[in-house]
Amino acid sequence: MWLRLTSHAWKRDEDEVKSAKIILEEAQTAGTHGLYVVEPIPLHEEEGFTAIAFALPDILRQWGGRIREVSLDSACES
């Protein structure tokens with residue numbers, strides 16, 4: 001129920017990957033108007049895999065010397 005009530009705030013497309021790409025593009029074009037500046041990282045396309053990569057350069061500049069762990073989120077459909 002909560003998902004249905006709040007998804008309008010972040011869901012841009014039924015396809016999850018397309019939705020994520022749209023959100024990243026919005027963040028990239030928002031510039032200083034958004035919460036974070038987003039920098040896309042281009043990836044080589046590999047058949048059978050879908051991936052999105054991006055950096056948050058302002059956060060890295062501010063906290064880079066203190067970061068001890070970086071996380072990777074991965075999901076897969078069976």
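The values are calculated or read from the model by the stated rules, or taken from the named source; none is laboratory data. All figures in this text were calculated on a predicted structure; none of them were measured in a lab. Methodologically, a virtual Cβ is constructed for each residue, glycine included, from the backbone with ideal geometry; neighbour enumeration extends over all protein chains shown.
Here Val70 meets each of (1) part of a loop (DSSP other than H, G, I, E, B); (2) under 30 Å from Arg4 (Cβ atoms); (3) at pLDDT below 80; (4) among the aliphatic types (A, V, I, L, M) with one exception, condition (2). Check whether at least one residue in the range 28-46 is within 11 Å of the chain's Cα centre (by Cα) and assigned to a helix (DSSP H, G or I), and report yes or no. For the range 28-46, residues within 11 Å of the chain's Cα centre (by Cα) and assigned to a helix (DSSP H, G or I): present.
In the range 7-21, which residue that is loosely packed, with under 13 Cβ neighbours inside 10 Å and of a type in the set (A, V, I, L, M, F, W, C) is farthest from Ala51 (Cα to Cα)? Looking at the filtered set, the residue picked out is Ala9.
With out of contact with any His (no Cβ under 8 Å at 6 or more places or on another chain) and at pLDDT below 85 as the only criterion, which of Ile52, Ile59, Ile41 stands out?
Details: Ile52 fails: at pLDDT below 85; Ile41 fails: at pLDDT below 85.
Criteria check complete, one pass: Ile59.
The set of residues in the range 14-38 that are among the β-branched types (Val, Ile, Thr) and at pLDDT below 85 comprises Thr29, Thr32, Val37.
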